[in-house]
Amino acid sequence: MTDGFSRSKYACFSGPRQSPLYQGKKTRYRLEYILEEERCKLYNEGCNVFISGAAPGFDLIAASVVLKCAETRNMDVALILALPFNEFVSSKH
């Protein structure tokens, strides 16, 4: 029996939490564009499972790029969110 991911290639996106860099629409669109280019490159190399942190900021922007591509381009991709443990979320890390 297989889990559906055993022959998959994985990629992980993780970055800083909220930052002034993400506040401006122009900067955020540029970041999304760069992430989309990278995601396409990885997908073309056989990567179809993407892992992202779930922190506000870069992590969620990267996750939204993967989900948007899955929906608009009908790509066979999976997104796994790597959720931190409760104490980490409530602390100031």
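Each reported figure results from applying straightforward, stated rules to the coordinates on display, with no laboratory input. Model, not experiment: these values are computed from the prediction. FYI the Cβ positions are ideal-geometry reconstructions off the backbone, even for glycines, and counts take in every protein chain you see.
Grab the Cα-Cα distance for R17 and Y33, subtract it from 0.36 nm times how many residues apart they are, and report the gain in nm with one decimal.
The R17-Y33 span can extend by a further 3.9 nm.
Out of residues 5 or more away from I51 or on other chains, whose amide H comes under 5 Å of its own, with H placed 1.01 Å from N in the peptide plane?
A11, C12, F13, I80
Could you work out how far apart the two model spin labels at A54 and K26 are, taking each label as a point 7 Å from the Cα in the direction of the beta carbon, and quote it in nm?
3.5 nm
Simple spin-label model, 7 Å along Cα-to-Cβ: A78 to S8 in nm?
Modelled inter-label distance: 0.3 nm.
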